[in-house]
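Below is one structure, written out as structure tokens; the observations come after it.
The values are calculated or read from the model by the stated rules, or taken from the named source; none is laboratory data. Computed from a predicted model, the values in this text were never measured in an experiment. Cβ placement follows ideal geometry from the backbone for every residue including glycine, while neighbour counts extend to all protein chains displayed.
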Amino acid sequence: MRTSRNYHTWFMRAAAIVAAVFGVATIRAGGSVLFGGGAQAAGNVVGFVLWFNFLAGFAYVVAGAGLWMRRHWSAQLALAIAAATVLVFGAFGIHVAAGGAFETRTAWAMTLRSVVWILIALLAFKAIKRDDSAPVRLGSRH
């Protein structure tokens, strides 16, 4: 039978892996478009979305490392990533509404990024709150 603590440890490890893999993939894809030959295949790139996602990829990797180590700041970073992603998604929506060129896959990708980071942030805060309510063992670090 799983204990609540084991479940939260499992979740934090899974979230850490998702965050890190998502980050590496984002850096690679964004870097290919920005610095490599991927610009032609990308189609109607929205510059500020591309740059945001590329730079956010590094934050994803850092958040993943923090989640793996169960650090309090990692939940806060996940929340900041989620909030920034939603704000950029809103700006993307304004760009589209104003008649700006875009690719439909950008809208889907931003939806996925928003949902993933909102879920990671909410569940990370829940897991860390549980950690805080658990008895502190000698030598444990938060």
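Identify the residue in region 130-142 that is exposed (fewer than 12 other Cβ atoms within 10 Å of the Cβ) and part of a helix (DSSP H, G or I) and, among all such residues, is modelled with the highest pLDDT.
Restricting to residues being exposed (fewer than 12 other Cβ atoms within 10 Å of the Cβ) and part of a helix (DSSP H, G or I), the top hit is Asp132.
Does any residue in region 107-128 that is over 14 Å from Trp68 (Cα atoms) come within less than 8 Å, Cβ to Cβ, of a residue that is of a type in the set (Ser, Thr, Tyr) and in a helix (DSSP H, G or I) six or more places away or on a different chain, and which pairs are these?
Once the first residue is over 14 Å from Trp68 (Cα atoms) and sits in region 107-128, its partners that are of a type in the set (Ser, Thr, Tyr) and in a helix (DSSP H, G or I) give Met110/Thr85; Arg113/Thr85; Ser114/Thr85; Trp117/Thr85.
Cβ-Cβ distance below 7 Å, separation of 6 or more or different chains: which pairs start in region 72-88 with a residue that is within 18 Å of Leu55 (Cβ to Cβ) and end on one that is of a type in the set (Phe, Trp, Tyr) and surrounded by 18 or more Cβ atoms within 10 Å (Cβ to Cβ)?
Ala78/Trp117; Ile81/Tyr60; Ile81/Trp117; Ala82/Trp117; Thr85/Trp117; Val88/Phe52
If the requirement is being within 28 Å of Val96 (Cβ to Cβ) and within 15 Å of the chain's Cα centre (by Cα), which of these qualifies: Val33, Val62, Val18?
Val18
Search region 80-110 for residues being surrounded by 12 or more Cβ atoms within 10 Å (Cβ to Cβ) and hydroxyl-bearing (Ser, Thr, Tyr), and hand back the single one that is farthest from Phe22 (Cα to Cα).
Within region 80-110, the match that is farthest from Phe22 (Cα to Cα) is Thr106.
Yes/no per residue for (1) modelled with pLDDT under 90; (2) small (Gly, Ala, Ser); (3) within 16 Å of Leu122 (Cα to Cα):
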site	(1), (2), (3)
Met1	yes, no, no
Ala19	no, yes, yes
Val49	no, no, no
Ala78	no, yes, yes
Ala83	no, yes, yes
Leu87	no, no, no
